[in-house]
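Below is one structure; the comments refer to it alone.
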């Protein structure tokens, strides 16, 4: 190996783990993810030395290559989800760091959500996983999906709405309001047990920081982990307030810091519990929330269930 190729072991492992996470979410299979990542590295070392040395951002090249391989697999006709999905028994930890990392990853990823991803088109799935799940830079997503940036944004949005429709059951507005109020109260009281009881056992939380704030870079799965993440994010602070508010026609939560909207939290409900939590922290997406309302829009965000001016 040339000295220019030397990379710290921590960076090597982090790079490989990242590729495994992305490919598993795109394909829904640890075995396929391992195979794709292996093929990605084979292509890397199959490059002529001179060409490889000209690549200034190897991680970008590897992610783009792995994403392209995944898209090719997803586009194969008659690719059945049942045949591709790993069984829980295959997720046991085996000897070796790679298998252990895969086992830990499998425990974190919601099989319910992975099954739902199978209903998306390859381009929608790729755009959603790369953009919303991992927050990968938009130019990288464009290169992997092979569509203009505007198309990738539309694909990700369409996938997001499709997933929310699949997971959300028709919940009466009154029940949704009461559950949202209960979630707020649990967060205000920093009551982890109550908050956990309000979540589905396989609840998933997404944190959209858009690369503009230091938000969690991947979804959090499981009622206990989601509750912990929310309570950490919404920790009591004298300059922070948490209120319920109408978001897209349903009651959600708004966090303000010094009167500035810092987070918008939407809740998807299934079977009388919160199934998915969508936390928008991206300042670009919050810009409209922080603009003074025009006379015609005054009160347009208000909700009859709006409650709470801050921490008691």
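Read-outs: derived from the displayed coordinates by stated rules, not from any lab. Predicted model, so just to flag it, every value in this text is computed and none were measured. So basically every Cβ, Gly included, is an ideal-geometry build from the backbone, and we count neighbours across all protein chains shown.
Given that compact globular proteins tend to follow 2.2 N^0.38 Å, what is the ratio of the alpha-carbon Rg of segment 184-240 to that value?
On the way: Rg = 11.8 Å, N = 57, 2.2 N^0.38 = 10.2 Å.
Against the empirical 2.2 N^0.38 Å value, I get 1.15 for segment 184-240.
Considering only Cα atoms, the convex hull volume of segment 169-290 works out to 95 Å³ per residue. A crude spin-label estimate for the pair residue 13 and residue 228, with each label 7 Å from Cα along the Cβ direction, gives 2.0 nm.
Suppose the chain between residue 197 and residue 53 were pulled fully straight at 0.36 nm per residue; how much longer would it get relative to their current alpha carbon spacing?
Answer, rounded to one decimal: 46.5 nm.
When ranked by the protection proxy of mean other Cβ atoms within 10 Å per residue, highest first, what sequence do the peptides 252-258, 234-240 form?
On the way: 252-258: 18.4, 234-240: 13.1.
Highest to lowest by the protection proxy: 252-258, 234-240.
Among 173-182, 131-140, how do they line up by average Cβ neighbours within 10 Å per residue, starting with the highest?
Details: 173-182: 16.0, 131-140: 18.3.
Top to bottom by mean Cβ count within 10 Å: 131-140, 173-182.
By DSSP, the beta bridges lying fully in segment 169-290 are antiparallel in about 80 percent of cases.
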